1. Rank by packing, highest mean first: peptides B:72-78, B:421-427, B:342-348, with packing defined as the count of other Cβ atoms within 10 Å averaged across residues.
2. Given the Cα-Cα distance of B:H179 and B:A28 and 0.36 nm per residue of separation, how much length would full extension add, in nm?
3. List the residues whose amide H sits under 5 Å from the amide H of B:S275, counting only those 5 or more places along or on another chain, with H placed 1.01 Å from N in the peptide plane.
4. Roughly how many nanometres apart are two label points built 7 Å out from the Cα toward the Cβ at A:V141 and B:L107?
5. What is the Rg over Rh value, at two decimals, for chain B, using alpha-carbon atoms and the Kirkwood definition of Rh?
6. In what order do A:E110, B:E209 fall by count of nearby beta-carbon atoms within 10 Å, going from fewest to most?
7. Could you check the simple spin-label distance between B:V358 and B:M234, using points 7 Å along Cα→Cβ, in nm with one decimal?
8. Please rank B:W416, B:W370, B:W295, fewest neighbouring Cβ atoms within 10 Å first, as an exposure proxy.
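Nothing in this text is a laboratory measurement; each read-out follows from the coordinates by a stated rule. Nothing here was measured: the structure is a model prediction, and the numbers come from that model. In this analysis, Cβ positions are derived from the backbone assuming ideal geometry, glycine residues included, and neighbour counts consider all displayed protein chains.
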Amino acid sequence: MIQLLALIGEDGELNTIPPNLGAVLPVTLTVDIILFFSNNNFFPPGLRTGILLVLSLSWILVIPRLRYHYWRYELRDKDLCAIRGIYNRVHTIVPLRRIQHLDVEQDLIEENFNIARLVVHTAGTRSTDVVVPGLPYDEAVRLRDTVREFIGQSID
Amino acid sequence: MEAPSEQFLRLHPLTFVHSVFLSIVAFAYSWLTSLGPETTQFSSTATLIFAIITIVIAGPFAIAKFIRFRYYATSDELIIYYGVFKRVRRNIPAERIQNVAIKRNLLSRILGTASVRIETAGTDQTEGNLSYVGAREAQRLKDLLRTSKNTVNDPPPDQSIFSMPLRRVLVSSLYQFSHKITLILFTIFFQLLSLEIIDVRATIDYLVERGYFQETVSNHWPLITSLSIILTVMTGWGAGFIQNLIRFYNFKIELTPTKIQRRFGLFTLQEGSLSYKRVQSFLIRSNPVMRFRRWYRLELQTLGLQSGEQGFQPAMPFARWSEILDLAPKIRPFTLPESYTSVSLRTIQRYSIRYSWVIIVSVALFCLIWSTNALWGLLILPIVFLIALLQYQRHHWAFYDENLFIHRRILSQQFWIIPVERFQAFEITSSFFQRRLGLCTLIVDTAGAGTMRYPRIIDMRRGDAERLTEDLNLAFQRLEGKHSSSFD
């Protein structure tokens with residue numbers, strides 16, 4: 001535990017999220033941007049649009065990579081750890097006993113890349129849903145089953 | 001879905017009086033706000049349409065809702081049928097019922113009705129609300145559901161553990177200030193001004209004529225400004241006084257081995273019991289004036305966001321420190337630690353820079369749009385350092401005897417006591433600047449933390465945060481090992 005915080009931003013003992021996430025995030029972001037630009041006369045087809053496009057393009061290229069770079073999770077004996085965030089680094093620890101239920105979620109794009117999100121629900125009000133995105137589907141299911149097994153044991 | 005049988009009961013017929021009263025208030029409000037010097041054909045038509053909608057649609061809808069609403073209570077469960085378009089049958093098993101709260105406002109006390117709320121540990125979707133039933137029926141329901149076989153029957157307490165006699169309620173009201181009501185009063189005032197019902201100029205002229213004022217005084221703007229400020233403060237104070245008096249009149253709290261029973265209110269009588277299991281943490285608050293006279297307020301953070309004010313329930317609205325330390329450990333035992341750990345000294349640096357930045361930017365903006373006089377605003381900068389220093393001094397924490405204690409804030413001070421078994425998750429966040437200074441913020445999530453007020457330790461040294469999280473997690477695992485689940 002003590003080393004955990006020191007590990008923020010470094011590669012090492014914590015699992016990194018598979019790089020597929022890096023492929024999915026640009027796609028979702030691009031869809032957003034196309035929607036945003038599809039129906040407007042506000043920006044003349046000139047400088048501002050160009051600047052915005054360059055900015056968004058670099059955003060697309062940089063932000064998902066950074067986000068991916070800092071995303072870490074680890075399933076330990078009695079808790080689940082997740083570290084995320086570029087500017088604000090958030091490190092969440094959820095004791096497994098506190099987990100109310102688990103979902104493996106997949107949207108259309110994620111399904112296309114065969115990756116999934118593990119969503120962990122607790123009764124807490126701030127970090128109600130702890131999300132581990134960009135897992136290969138099998139890995140997400142395996143993780144869910146491991147946690148479920150633990151919860152089952154602790155109740156018996 | 002099968003129709004409810006004959007044993008099912010309806011709500012009290014006087015429920016209609018409540019809904020009629022509510023729609024009259026709503027109508028009067030919309031009518032008043034639509035008035036004004038610039039009243040147009042459109043706004044008066046809108047008001048008319050609103051009135052027609054109220055009568056033609058809302059009326060029959062209220063009747064249909066009344067007809068559709070049926071309930072049946074046994075000692076095992078409460079069954080409710082309701083819904084006009086979407087029909088719902090809800091079974092609430094008695095062992096899931098955490099609390100049966102009876103609320104009676106002024107109108108229902110005149111009519112002899114009461115609203116009964118059946119609270120469960122779940123969300124709004126799993127709770128039951130019977131508004132309104134007869135007062136005697138409300139008591140019957142409460143007794144019936146409380147004496148059901150699955151809930152523990154506590155012996156009734158002999159005497160109230162803590163009560164506020166009229167004198168103390170009056171004293172406590174002196175310490176309250178309501179900015180909400182002040183705002184509403186001022187809105188009404190300006191509405192009346194725009195309707196030309198009140199004319200300030202004419203009033204002043206009249207007073208000058210009668211010799212109460214001199215013309216020169218009435219044109220003296222610093223005097224007028226300070227008078228307005230005094231008036232505003234007095235209004236807020238008076239409103240706070242009345243609000244507090246009405247709310248906490250005859251406040252009584254009693255403890256049974258598993259429940260907290262409370263009863264309070266002047267016009268709206270609130271009565272209910274709260275299971276100890278629902279209490280997530282203690283929050284002791286005070287404002288500077290209260291602290292000066294050594295008064296404090298104890299609030300309980302409870303399960304579920306629907307109950308109380310943003311998830312907080314007053315347990316002792318106005319009490320001495322010793323009284324709080326007498327009552328609170330009976331709900332969940334704790335002993336106060338002898339010493340506390342401060343947050344990092346670098347917090348002063350971080351907050352000074354942050355606040356200075358805000359001031360410098362706003363001064364620059366005012367210089368641009370107003371005049372260079374705004375540069376005087378830079379004189380506030382030393383105060384910024386003082387505030388940051390005070391913030392550091394007032395912020396400290398301790399983990400002692402399976403409770404986490406957190407002191408926070410300068411003026412409206414908060415003192416949190418969070419039992420280990422209530423932890424849901426831990427969160428350590430660090431912003432870009434915090435990381436540069438080796439600091440982080442520890443947030444302890446409970447099942448009752450609201451979005452506005454929640455326990456956190458800001459700007460801890462990173463090593464401290466790591467160690468504390470480890471300690472908290474270990475203590476939590478140890479305790480959870482003892483009782484396999486504390487949330488049955």
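1. Going from most to least packed, we get B:421-427, B:342-348, B:72-78.
2. Length gained, B:H179 through B:A28: 52.0 nm.
3. B:I260
4. With each label point 7 Å from Cα toward Cβ, the separation is 5.7 nm.
5. Over the Cα atoms of chain B, Rg/Rh equals 1.02.
6. Final ranking by Cβ density, sparse to dense: B:E209, A:E110.
7. Using points 7 Å along Cα→Cβ, the separation is 3.2 nm.
8. Fewest to most other Cβ atoms nearby, the residues stand as B:W370, B:W295, B:W416.
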